[in-house]
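Scroll down for the structure; my scribbles are underneath it.
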Amino acid sequence: MTHDVGRDGPPLSDYEQMPLGRLGQRIRSLDADDAGALRRYEESQGHRLPVLQVIDHWLHELADGAEPTGE
């Protein structure tokens, strides 16, 4: 599923209020396209290094064959 960040906002509901620890869990439901969209959103909005690191880690896991949880 490809998510249009510009039109819809981030691909996770309540993303703006989500604590970093919860993001690490919720991001596992995203495929590579949506995780990439979330990264672009974060880069354009908050550009918070710890958040970008969590997203990057998930993108690397996906590239290594991890599957989204489908939450």
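The values are calculated or read from the model by the stated rules, or taken from the named source; none is laboratory data. The shown structure was predicted, so the numbers you read here are calculated from the model rather than taken from an experiment. Note that we place each Cβ from the backbone using ideal geometry, even for glycine, and neighbour counts take in every protein chain shown.
List of remarks:
- Residues located in region 6-31, provided they are exposed (fewer than 14 other Cβ atoms within 10 Å of the Cβ) and part of a helix (DSSP H, G or I): 6, 7, 8, 16, 17, 20, 21, 22, 25
- The lone exception for residue 33 - which of (1) of a type outside the set (A, V, I, L, M); (2) at pLDDT 95 or above; (3) out of contact with any Ser or Thr (no Cβ under 7 Å at 6 or more places or on another chain) it fails: (3)
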